[in-house]
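Chemist: Here you go, one structure.
The values are calculated or read from the model by the stated rules, or taken from the named source; none is laboratory data. Just so it is clear, the structure is predicted and the values come from calculations on it, not from any experiment. Here the Cβ positions follow ideal geometry from the backbone for every residue, glycine too, while neighbour counts run over all protein chains shown. Remember, those area values only see protein heavy atoms, side chains included, never the ligands or the DNA or RNA. Shrake-Rupley method; radii C 1.70, N 1.55, O 1.52, S 1.80 Å.
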Amino acid sequence: MNWKKVAKWSRLLVLVGLLLWITYESYMHQALGGGKAPSIHALCPYGALESLYTLFLTGSFIKKIYTGTVVILVLTVALAVLFRRSFCGLLCPFGALQEIFAKIGQKLFKKRLIIPQKVDRLARYLKYVVLVFTVGMAWYYGTLWMAPYDPYAAYSHLSAISGSLKEDPLAIIGFALLLITIIGSFLYDRFFCKYLCPAGAFYSIIGKLSPTKVVRNDSLCIHCKKCDKSCPVNIEIEKKEQITTVECINCNECVLACPSKGALEVQVAKKTVHPMVMFVLVVGLFFGTIVVAQLTGNFEILPLSVAQGEVLPVYEVKGYNTIEEAATLTGLSLDDVYQQLAIPQSVPKDTQFKNISALVPDYQFDVAKANAGGAAEGAASTGSAPTSAIDVSGIKGSMSIQQAMDSLNMNSADFYALFKIPETVPPDTLLKEISTVSPGYDFQQIKDSLK
Ligand code: SF4
Ligand code: SF4
């Protein structure tokens with residue numbers, strides 16, 4: 001058996017399989033809603049990285065992140081420590097998408113285009129800037145701050161572009177970056193991975209600790225440069241004795257392309273490992289751990305369901321829930337849900353909340369929830385503070401509720417209603433940390449809606 005061919009095809013099959021699976025889950029998420037199919041954020045380790053600060057500070061996850069997301073993050077970090085960026089080279093669906101378009105591009109243009117070395121070298125640092133900036137913002141606001149600008153998230157929303165733009169017009173940036181990634185991948189290999197991906201930057205840094213590297217034996221090398229031509233991140237392997245650069249994604253394509261036996265090998269702690277064994281180790285460790293986590297009940301990628309005994313207050317229902325589901329989730333009768341969320345009786349019970357405004361243009365789900373929250377806490381909420389005359393641009397997440405009220409010269413009831421803050425949240429809470437005591441609360445989103 002030609003194990004080199006088996007290893008090459010196994011890598012491609014796993015990458016394409018994961019991309020197809022992610023595409024299917026994304027479609028189902030849009031079609032059925034977040035309660036029934038996981039969002040891309042729940043399946044992407046970067047979401048867990050964005051959630052870490054909130055998790056350490058409060059012990060809870062930010063919206064759309066679950067135990068399964070953290071398991072994937074821990075696993076991919078372990079893979080980076082052991083085998084460098086093997087997640088990027090062997091498992092990432094977005095990397096697979098780029099490789100597919102690169103292959104089509106190479107067929108069309110009959111050659112691989114390379115960005116001039118000076119530009120390429122500088123541009124590769126961009127991904128570290130993206131990493132620091134996006135994680136910083138996510139930790140500061142306690143939200144998936146990068147979501148609207150994320151081309152991977154945009155890919156998962158391709159079946160619902162208009163709905164996504166309606167929900168958050170900034171998502172246009174994510175779709176634009178997706179288009180740039182696809183066009184870039186047509187022309188250059190792994191365009192997004194090399195220059196923009198913050199997750200790739202994160203694994204690059206951790207991969208520095210790894211004992212895995214590609215080693216070239218100059219006495220056996222015939223200098224055919226087949227390794228250089230096969231490398232998807234354009235490393236000049238033929239000029240080096242060892243590939244220690246953080247750019248290497250441990251795909252082993254160079255080792256598989258090398259025609260001279262023993263000239264190019266992948267080594268772990270100075271021991272040669274066949275690319276097929278490397279592939280089995282990485283994929284086995286990844287999926288094996290997920291299976292164990294699932295069997296032991298530690299791999300949650302969906303919101304807690306009623307089946308697990310969870311009953312939500314009515315203001316915690318989501319836009320993807322139908323009215324009927326809300327009744328089940330809250331334990332209320334259908335009539336009570338219609339009444340508490342001020343839904344006109346003409347709206348069918350199988351309508352998702354996010355779609356009610358399509359039937360009743362004046363209906364505002366967020367306002368209805370805020371009013372229902374006030375009622376549920378046993379206090380009246382004004383719900384409709386006069387927002388137009390109030391300039392909220394000076395209100396920052398780092399302010400406490402009290403400081404923000406003072407700076408706007410507002411009384412407590414009006415301020416809480418304006419910013420839709422549940423009344424149980426104490427006034428000394430920082431605005432950016434409300435989500436930690438009231439999960440689902442998104443200060444930045446509410447502030448933006450008031451501008
Ligand atoms: S660099 Fe980013 S997009 Fe590329 S393979 Fe790694 S995680 Fe995936
Ligand atoms: S050097 Fe080899 S293993 Fe590393 S990315 Fe390039 S082809 Fe893959």
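Chemist: The conditions are (1) crowded, with 19+ Cβ neighbours inside 10 Å; (2) aliphatic (A, V, I, L, M); (3) farther than 30 Å from GLY136 by Cα; (4) within 11 Å of ligand 2 (Cβ to nearest atom), and VAL215 fails exactly one of them. Which is it?
Modeler: Only one criterion is unmet by VAL215, namely (1).
Chemist: When the range 124-137 is examined, which residues are found to be more than 16 Å from ligand 1 (Cβ to nearest atom) and either over 19 Å from SER204 (Cβ atoms) or assigned to a loop (DSSP other than H, G, I, E, B) (or both)?
Modeler: MET137
Chemist: Would you be able to say whether some residue in the range 264-276 is assigned to a loop (DSSP other than H, G, I, E, B) and within 16 Å of ligand 1 (Cβ to nearest atom)?
Modeler: no
Chemist: Pull up the range 94-114, narrow it to residues that are within 29 Å of the chain's Cα centre (by Cα) and charged (D, E, K, R), then point me to the one that is surrounded by the fewest Cβ atoms within 10 Å (Cβ to Cβ).
Modeler: Step by step, filter the range 94-114, then rank; the result is LYS103.
Chemist: Can you name every residue in the range 222-248 that is closer than 15 Å to TYR188 by Cβ and assigned to a loop (DSSP other than H, G, I, E, B)?
Modeler: CYS231, PRO232, VAL233, ASN234, ILE235, GLU247
Chemist: On to the next question. Consider SER204 carefully, then state whether it is more than 8 Å from ligand 2 (Cβ to nearest atom) and either open to solvent by 20 Å² or more (accessible area, probe 1.4 Å) or free of Cβ contacts under 8 Å to residues at least 24 places away in the same chain (or both).
Modeler: No.
Chemist: Follow-up. What are the residues in the range 186-209 that are in a loop (DSSP other than H, G, I, E, B) and within 15 Å of ligand 1 (Cβ to nearest atom), if any?
Modeler: TYR188, ASP189, ARG190, LEU196, CYS197
Chemist: Further question on the same structure: Among the residues of the range 258-265, is there at least one that is more than 10 Å from ligand 2 (Cβ to nearest atom), open to solvent by 20 Å² or more (accessible area, probe 1.4 Å), touching a Lys or Arg at 6+ places or on another chain (Cβ under 9 Å) and acidic (Asp, Glu)?
Modeler: yes
Chemist: If we scan the range 68-76, do we find a residue that is touching a residue at least 40 places away in the same chain (Cβ under 8 Å) and closer than 15 Å to THR143 by Cα?
Modeler: The answer is yes, given that some residue of the range 68-76 is touching a residue at least 40 places away in the same chain (Cβ under 8 Å) and closer than 15 Å to THR143 by Cα.
Chemist: For the range 166-178, state whether one or more residues are assigned to a strand (DSSP E or B) and either within 16 Å of ligand 2 (Cβ to nearest atom) or within 15 Å of the chain's Cα centre (by Cα) (or both).
Modeler: no
Chemist: Looking only at the range 72-83, decide whether some residue is over 15 Å from the mean Cα position of the chain (by Cα) and either modelled with pLDDT under 90 or not in a helix (DSSP H, G or I) (or both).
Modeler: So far as the range 72-83 goes, no, none of its residues is over 15 Å from the mean Cα position of the chain (by Cα) and either modelled with pLDDT under 90 or not in a helix (DSSP H, G or I) (or both).
Chemist: Also: Which of the residues that make up the range 410-451 are open to solvent by 30 Å² or more (accessible area, probe 1.4 Å) and more than 21 Å from TYR140 (Cα to Cα)?
Modeler: Result: MET410, ASN411, SER412, ALA413, ASP414, GLU423, THR424.
Chemist: Something else now. Of all residues in the range 287-346, how many are acidic (Asp, Glu), modelled with pLDDT of 75 or more and part of a loop (DSSP other than H, G, I, E, B)?
Modeler: Total satisfying the criteria: 1.
Chemist: Can you find a residue that is within 12 Å of ligand 1 (Cβ to nearest atom) and either surrounded by 22 or more Cβ atoms within 10 Å (Cβ to Cβ) or assigned by TED's automatic domain parsing to the domain that holds SER185 (or both) anywhere in the range 61-71?
Modeler: no
Chemist: Same structure again: Looking only at the range 179-191, which residues are within 15 Å of ligand 2 (Cβ to nearest atom) and at negative phi?
Modeler: TYR188, ASP189, PHE191
Chemist: Select from the range 405-430 the residues that are hydrophobic (A, V, I, L, M, F, W, C) and touching a residue at least 40 places away in the same chain (Cβ under 8 Å) and list them in ascending order.
Modeler: Matches in the range 405-430: ALA417 only.
Here is a yes/no grid of residues against (1) at pLDDT below 90; (2) more than 21 Å from CYS92 (Cβ to Cβ); (3) open to solvent by less than 70 Å² (accessible area, probe 1.4 Å):
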| position | (1), (2), (3) |
| --- | --- |
| LYS118 | no, yes, no |
| ARG124 | no, no, yes |
| TRP139 | no, yes, no |
| THR143 | yes, yes, yes |
| ALA147 | no, no, yes |
| TYR152 | no, no, yes |
| SER156 | no, no, yes |
